[in-house]
1. Which residue fluctuates the most in the chain, going by a Gaussian network model with Cα springs under 10 Å, if the choices are Leu54, Leu25, Leu83?
2. 5 Å is the cut-off here: which amide hydrogens, built 1.01 Å from N in the peptide plane, fall below it relative to Gln116, excluding neighbours closer than 5 in sequence?
3. Which residue, Asn65, Asn141, Asn94, tops the fluctuation ranking in a GNM of the chain built on C-alpha contacts under 10 Å?
4. Expressed as an acute angle from 0 to 90° and rounded to the nearest 10, what is the orientation of the C-alpha long axis of helix 136-151 relative to the principal long axis of the chain?
5. For the chain, what is the calculated [θ] at 222 nm in deg cm²/dmol (nearest 500), taking -39500 (n - 2.57) for each run of four or more DSSP H residues and dividing by its residue count?
6. Does anyone have the angle between helix 51-60 and the longest principal axis of the chain? Alpha-carbon axes, 0 to 90°, nearest 10?
7. Ranked highest first by the average count of other Cβ atoms within 10 Å around their residues, in what order do 105-111, 58-64 fall?
8. Highest GNM mean-square fluctuation, the chain, Cα pairs closer than 10 Å: which of Asn101, Asn91, Asn72?
Amino acid sequence: MLTAERLRELLDYDPLTGIFRWRVLRGGRSVAGYFKDRYVRITISGTRYYAHRLAWLHVHGNWPNDQIDHANGIKQDNRLINLREASRSENHYNSKRPIHNKSGYKGVCWHKAVGQWQATIAVNSHQRHLGYFPTPEAAHNAYREAATKLHGSFANHG
């Protein structure tokens, strides 16, 4: 298991930029990491790590208890100010509107049988019905209010 001490021997981390640099050049490069699936990953001794988890270890001296959330939703932004510990649910609350969403609003879909826009919100992996509304904007307002109340600082109104 990689320790904070070993990580600090190998890499410098700038909490203001979120960039890791090798202390000894590797392949003529000083900047560590590569992009995969919208995240920055760094390989150390044959093991691949997410840069955001390494940033946490580098600064705090211990691995995060659960997940690390990118507060602004940008997975490549590993500045310390953008990283926070989160549960799986909290990390999901901060997700953006799904690509397949056709309403244009997170938490809003058309309910064909009722003939109105439906608002729902996830709470601890369970969907809660927030009501039916005549417009997608009205449904999204209900979603925004519920998200702010239920998810606090992790609310993403997408």
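Nothing in this text is a laboratory measurement; each read-out follows from the coordinates by a stated rule. The model shown is predicted, which means the values in this text are computed figures rather than measured ones. Methodologically, a virtual Cβ is constructed for each residue, glycine included, from the backbone with ideal geometry; neighbour enumeration extends over all protein chains shown.
1. Maximum fluctuation in the GNM of the chain, among the listed residues, is at Leu25.
2. Here His111 satisfy the definition.
3. Looking only at Asn65, Asn141, Asn94, the biggest GNM fluctuation is shown by Asn65.
4. Orientation of helix 136-151: about 50 degrees from the principal axis.
5. -7000 deg cm²/dmol
6. Value to nearest ten degrees: 70.
7. In descending order of packing, they fall as 105-111, 58-64.
8. Asn101
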